Each structure stands twice: as C-alpha cells, then as structure tokens.
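> Here it is, the structure, as structure tokens.
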Amino acid sequence: MTAIAAETRRTAVKRVTFPRVLLSESTKFRTLRSSWITLGLSLVLLAGFGAIAAYTYSPGGAGVTDGPPGIAGRPLDAVSLSLMGLSFASLVAGVLGVLMSAGEYSTGMIRSTLAAVPKRLPVLWAKALIAFGAVFAVTAAGAFLAFLIGTVGLDGEAIALTLGDDGVVRSLFGAGLYLGLVAVFGVGLGTLLRSPAGGIASLVGVLLLLPGLSQLLPDSWEDTLTPYLPSNAGGAAYALTQAEGALTPGEGLAVFAGWVAVTLIGAAFRLKRADC
Amino acid sequence: MIEARELTKRYGDKTVVDRLSFTVKPGEVTGFLGPNGAGKSTTMRMVLGLDAPTAGEVHVNGRSYAGHAAPLHEIGALLEAKSVHPGRSAVGHLTALAQTHGIGRRRVDEVIDLAGLGSVAHKRVGAFSLGMGQRLGIAAALLGDPEVVMLDEPVNGLDPEGVLWIRNLLAQLAGEGRAVLLSSHLMSETAQVADHLIIIGRGRLLADTSVADLVEASLGGVRVGTDEAARLGPLLAGPGVSVTSSGDGELQVAGLSAREIAAVALRHGVLVHELTPTGVSLEEAFMELTRDELEYQSAPASGRTER
C-alpha cells in the first residue's frame, strides 16, 4: 500500500499566514470558470457598448442623450459615451464578487476553507483584495479601450476628446476604481447573505433600484441624500464634469468606498461570529 | 488526540449535543456511533471550530482548533456534506487548500495518488461520483499529514473495493500512531475496524467502551432447560457466574459457556434437555442502547385502522 506520510513529514510545517491565504484565494479564483466569464463579460460590455455608442453618435440625435443611470442628466461628452456600458459592467463585476463569497456557502466549500483558515477573517480580506485587483485591472483597461476606440468614431465631432484633455485619464481610472469597489461590495454582500441569489438581488437593488426609489422622498431630503447613494456617489467618481449637486470625484469615491467598508465590516462580523 | 469536555450545542431550545465528554486516543480507531440525528456531525463541526459550542469545550492535541498555527497538520477531516466547489478540479481544490499552509505541489500529487484519483485529477469535481467525492475528501484530510484523522461516514457511496480500501487505510493510520475518529450509524461496519466505541443518542453519551467489552457484554447468557433446576443451579454458581431461575425447569446462566455447563451437568448426572445461547448480535446491542434515543422512530409497519 502507498505510504500515507508525506516524504517531508514534520520537517516543514509552515504557519497559515496572510500571504499564503492570498495565494490560496488567487488559486481558487483562477480555477473557476465563472471568474473568467464574468471578467471577460465586463471587458466586452465596457469596450463594446462604449465603441457602439461612439460610432452611432450624432449631435442632437436621439437615443444616447441619457447615459446610464449613474451619469444621467449630465452633459454628454466623449468619456460618458465611452462608459455607456458601465452600469451593465458594474452588475457583472458585482456578481463576480458575490459568486466568490456566496458561492462557497452554496457549495459547502466554505467548510474546507474555514477548516484551513480557522481565523476566518484573512479569507474575507484576501477575497476582497483579489476581487478588487482583478476587476480594477480588467475594467480600467476596458474603459481605456472603449475610449480609444470611441476616439476614432468621434473623430471630427464637437465632443471629441483625447487622453491628454483635462480629467479624461482620471475619469477612466475612476471607472476602474468604482467597478473594482463594486466587486468588493459583492464579496461583502455574498458573505453577509451567504446566498448567491440573495447577494445578486441586493446588489441590483442597491445599485440600480435605490436611486429610483429616492425620488419618493420629500424634495428637501431627496436633494440632500441622493448624491450620497452608492451608485450616485460612484457615478461622481468617474464623471468627466461634476454635475450640479453632485459630489466631486474624490468625495464620490470616498463615499462609495464608505458604503463598501460598512458592508465588509458587517460581513466580517457575520463570518467571525456565526456558525457555518 | 481529541478531548471533549461537557461539549454542548443548543439551537434555540433544542439541544443537539448534550454535555458530551470523550477522548479519542492516538494509535486507535475510535468509532463514533449513533442513529441519524444523534449529533455526530454537529460534534465533528465543533471539533473543527466551524460551529461554536454553546457550553463546554473540545481540544485537538491540547488546544482549541483555532488556536493552532497550522491546523491541517494537526487534524484532517472529511465532513459528511460535500465541502468542495463542484466547478473546480481535484488538483485545483487540493492546491488551494495546500497553499494556505505552504504545502508543496508534491504533497498534493502524493495524496491524489494515495486516494486513487490520478486519472480524474483534472476533471471538474461536479462530475465526480459519490465515491470519488469521498476519496477527494479523504485526500484533503490527509494533505497535512495530520496526527488526528476524523472521517464522517467515509464509506457512504463507496463500492466494495472502496470500503475495503477505507478499512485498510484506517488500520494503517492507527498503526502509524495516529488518532482516528470514524463516525457511522452502522454498528456492523464500525465494529470491524474500530478498537474503541463512543455511542451517542440525542446528543448524549450512551456508551464509551472498547469493542471487546461490548462484544462480551452482548454475549448474554445461556438458557438451560432441566427438570432438576434446583439442584443444578448451586452446582453452576461461582465467581463471575450468575444463575437466575427464569421459569419452571429453566435457568438463565451468564458467565459460563454452553460447553462448560454441559460438563458440570454430566459430572453430576443432571439431565439437561436444552442449552441455548441467548446472546444478541452487536447490532442488536446497539439497537438496544439507542432505542429510546432515536430522533426519528418509525411506527410499526402493521397499519392501525383509523376509526
């Protein structure tokens, strides 16, 4: 019979450390098909929608005067055109995050994970970092790609811009940062709710439905609160020009990061305290 | 070594594990027996720190599970419910677990070979049969070459060859000085591999005994039929022997074999017309122990007509 003992038994017992957990979580991420599908889809949505919007643009033409919900009501510019696919990409990025965490609960993998890392919290931080890193890298690239393709389509139009123009690079990076944080938001929601369906539903609710519901508030409340809603704050982070009543890009990013942080803290409490 | 002291788990007002104390010693296979719903899996989850005890504590090699810097080297576990993402390959799953402890790729290959998964190592786990899933769980349990191995219903879904493989594996693990805890709801299968038994029902400890002792206890006695019961009784009596008169011309003798009783009767010229060993099987002894503690008891099959 085969020997059970490792050839290197007891000579090389290593502790569980955060870098090791991070490496383990990156392996988990790489070895699931859903990671690659969602990453690829967010890239295609960003670059594809942006390119189509730019190529079909005609000044004063109907159809593209309203951007995605996050940037609605702002003057149309080359950047907002190229980020036309962003709200779809944000859902995909959020789903990626939810699947990374809630997928472990629905499959039972979480028991193996937490048996290997009984301190638990390093798993959540590692997932958050990986979700952010992967989605930021891919979607920032997607935003630049969309803009560069769009530049060709908008050549000669009044709203055409180049990468050298004020705020363009900041906006495109801002889009990547926002989407990276949305993925972390998904990780938090998935850990908190432990169900892919519940996590995705709340993601859609918070990002897409909440801004609409805020219109039900009294006007004075609405004006004060609306800019601070997650997707509106996030929208400020990647807008080329600051809309009236909206936050500055820095404020918007900070406010959205705050929402994500609150969700992650809730997730950390549930992960640490509750049985699994 | 696993040591549980007064381990208790309550969900609301339902007590699933009730002040359970036991020790799983190195070098032995300890069978963890109980009917379905007795609290075996909950106990095992508490050993791994997945569920927190309501009261009491359980230590693995002298410490709580979460207190170990490298827990996979202390105890390896196969839990009853599937604990693997079906979208990942066996290699991917084991590699991810190994990396948390800095365990190298070579050990991953070793446990894959050990579990006989070489040919399916790169297939998605979702396509695995129940038996292959169990083998993967056992490969994961052995990844850290742990001193304690805990397996929840490992033979579930295994074919006869797999069952034999598990039996040999358990014996080998214990032979190497490891502590092995094996849960099951089948006495017959457990008694073949275990040295020691912990039997629980509704979360409470019913028996903590060696298999040899239980076999002896379950042997029961011998029913002796004779017309001279009053004379034979005192002749059989002695240290470690109990004789009770169970009816007219009938004795119930414990502590002597039928052959020994026959020898005494022949020596004293007592006519014996019946010698029936009345022992029960291990399975019956187990049923007897747990009968009052069943979580889900089936009603007698004979239908009672409702009026």
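Every read-out reported here was derived from the displayed coordinates using simple, explicitly stated rules and does not represent laboratory data. A quick note: this is a predicted structure, and the numbers were derived from the prediction, not measured. Note: ideal-geometry Cβ built from the backbone for every residue, glycine included; neighbour counts use all protein chains shown.
> Quick one: helix A:33-55 against the long Cα principal axis of chain A, what's the angle to the nearest 10°, folded into 0 to 90?
Value to nearest ten degrees: 10.
> Using the alpha carbon gyration tensor of segment A:130-259, what are the three equivalent-ellipsoid semi-axes (square root of 5 times each eigenvalue), largest first, in whole Å? All intermediate terms of the calculation are to be shown ahead of the outcome.
Numbers: eigenvalues 149, 86, 30 Å².
Its equivalent ellipsoid spans semi-axes of 27, 21, 12 Å.
> Now for a different question. All other residues with a Cβ under 15 Å from the Cβ of A:T162 taken together, and with Lys, Arg as +1 and Asp, Glu as -1, what is their net charge?
Details: positive: A:R170; negative: A:D77, A:D155, A:E157, A:D165, A:D166.
In short, -4.
> Could you sort out which of A:K14/A:K119; A:K28/B:K14; A:K127/B:K82; A:K272/B:K25 sit more than 25 Å apart by Cα distance in this structure?
A:K28/B:K14; A:K272/B:K25
> OK, next. Placing unit charges on C-beta atoms (Lys and Arg positive, Asp and Glu negative, everything else neutral), compute the dipole magnitude of segment B:220-278 about its Cα centre in debye, rounded to 20. Intermediate results must be reported in sequence, preceding the final value.
Numbers: 4 positive and 6 negative charges, 44 e Å.
Rounded to the nearest 20 debye, it is 220 debye.
> Spelling out what I want: for every residue of segment A:194-207, take phi, set θ = phi - 60°, compute 6.51 cos²θ - 1.76 cosθ + 1.60 (Karplus), and round to whole Hz; glycine and proline get x.
Along segment A:194-207, the couplings run 6, 9, x, 5, x, x, 5, 4, 5, 4, 4, x, 6, 7 Hz.
> Give me, ordered by chain and number, the residues 5 or more places off B:F32 or on other chains with an amide H under 5 Å from its own placed amide H.
B:L182, B:S183, B:S184, B:I198
> Next up: Can you put B:D13, B:D109, A:D219 in order of Cβ neighbours within 10 angstrom, beginning with the fewest?
B:D13, A:D219, B:D109
> Now a separate question. Provide a whole-number value for the mean count of partner chain Cβ atoms within 10 Å of the Cβ atoms in peptide B:99-111.
Mean number of neighbouring Cβ atoms from other chains: 6.
> Sticking with this one: Given Cβ point charges of +1 (Lys, Arg) and -1 (Asp, Glu) and nothing else, what value in debye, to the nearest 20, does the dipole of chain A about its Cα centre take?
The calculation lands at about 2200 debye.
> Take the Cα atoms of chain B, find their three principal axes, and give me the spread along each one in whole Å, biggest first.
Principal-axis extents of chain B (Cα, largest first): 77, 50, 43 Å.
> Would you mind checking the radius of gyration and Dmax of segment B:220-278 based on alpha-carbon positions, in Å?
Expressed in Å, the Cα Rg and Dmax of segment B:220-278 come to 9.7, 26.
> Turning to a different aspect of this structure: Among A:M109, B:M287, what is the fewest-to-most ranking by other Cβ atoms within 10 Å?
Numbers: A:M109 22, B:M287 14.
Listing A:M109, B:M287 from fewest to most nearby Cβ atoms yields B:M287, A:M109.
> If you place +1 on the Cβ of every Lys and Arg and -1 on the Cβ of every Asp and Glu, how big does the dipole about the Cα centre of the protein assembly as shown come out, in debye to the nearest 20? The partial results should precede the final answer.
Working: 46 positive and 52 negative charges, 200 e Å.
Roughly 960 debye for the protein assembly as shown.
> Give me, ordered by chain and number, the residues 5 or more places off B:S89 or on other chains with an amide H under 5 Å from its own placed amide H.
Close amide H contacts, sequence-distant or interchain: B:V125.
> Separate question: Compute the length gained on full extension between A:W125 and A:F269: take 0.36 nm times their separation in residues and subtract their Cα-Cα distance, giving the result in nm to one decimal. If you can, show how the numbers build up before the last one.
On the way: separation 144, 0.36 × 144 = 51.84 nm, distance 1.27 nm.
Here the segment from A:W125 to A:F269 would lengthen by 50.6 nm.
> Which residue, A:V182, A:G50, A:G266, has the largest displacement toward the positive end of the dipole of chain A when charges sit on each Cβ (Lys, Arg +1; Asp, Glu -1)?
Final value for the positive-end residue is A:G266.
> If packing is taken as the average number of other Cβ atoms within 10 Å across a peptide's residues, how do B:172-182, A:79-89, B:267-277 rank, most packed first?
Values: B:172-182: 20.5, A:79-89: 27.5, B:267-277: 12.5.
So the peptides B:172-182, A:79-89, B:267-277, ranked by packing, come out A:79-89, B:172-182, B:267-277.
> Still on this structure, please answer the following. Averaging sequence separations of C-alpha pairs under 8 Å and six or more residues apart, then dividing by the length of segment B:2-210, give the relative contact order as a whole percent.
Result for segment B:2-210 is 33 percent.
> Tell me which residues come under 5 Å, amide H to amide H, from B:A207 once H is placed; ignore anything under 5 positions away on its chain.
Here the answer is B:I199, since their amide H atoms fall under 5 Å of that of B:A207.
> Just the number, please: Stokes-Einstein D of the protein assembly as shown in µm²/s, Kirkwood Rh from C-alpha pairs, 37 °C, 0.692 mPa s.
Stokes-Einstein gives a translational diffusion coefficient of 116 µm²/s.
> Pull out a ≥ b ≥ c, the square roots of the eigenvalues of the alpha-carbon gyration tensor of segment B:1-70, then state rounded if a/c is under 1.5, prolate if not and a/b is larger than b/c, and oblate in the remaining case.
On the way: a/c = 2.00, a/b = 1.26, b/c = 1.58.
It comes out oblate by the Cα gyration axes.
> Among A:I37, B:I75, which comes first, second and so on when ranked by fewest other beta-carbon atoms within 10 Å?
Arranged by neighbour count, lowest to highest, A:I37, B:I75 become A:I37, B:I75.
> On to the next question. Using Cα springs under 10 Å in a Gaussian network model of chain B, which residue among B:A121, B:A258, B:A207 shows the largest mean-square fluctuation?
Result: B:A258 has the largest fluctuation of those listed.
> Also, I was wondering about something else. Work out from phi, with θ = phi - 60° and the Karplus expression 6.51 cos²θ - 1.76 cosθ + 1.60, the ³J(HN,Hα) of each residue of segment A:109-120, listed in order in whole Hz, and give x for Gly and Pro.
Karplus-based 3J(HN,Hα) across segment A:109-120 equals 4, 4, 5, 5, 4, 6, 5, 7, 10, x, 6, 6 Hz.
> On to the next question. Per residue of chain B, what 222 nm ellipticity follows from adding -39500 (n - 2.57) for every DSSP H run with n ≥ 4, rounded to the nearest 500?
-9500 deg cm²/dmol
> While we're on this one: For segment B:144-153, in order, what is each residue's ³J(HN,Hα) by Karplus, 6.51 cos²θ - 1.76 cosθ + 1.60 with θ = phi - 60°, in whole Hz (x at glycine and Pro)?
3J(HN,Hα) across segment B:144-153, in whole Hz: x, 6, x, 7, 10, 10, 10, 10, 9, 6.
> Farthest toward the dipole's positive end in the protein assembly as shown, which of B:V272, A:L210, B:V222, given Cβ charges of +1 (Lys, Arg) and -1 (Asp, Glu) about the Cα centre?
A:L210
> Would you tell me the mean number of C-beta atoms belonging to other protein chains that fall within 10 Å of each C-beta in A:21-34, as a whole number? Numbers along the way, then the final one.
Values: counts 3, 2, 5, 8, 3, 2, 9, 8, 1, 4, 10, 5, 3, 2.
Mean number of neighbouring Cβ atoms from other chains: 5.
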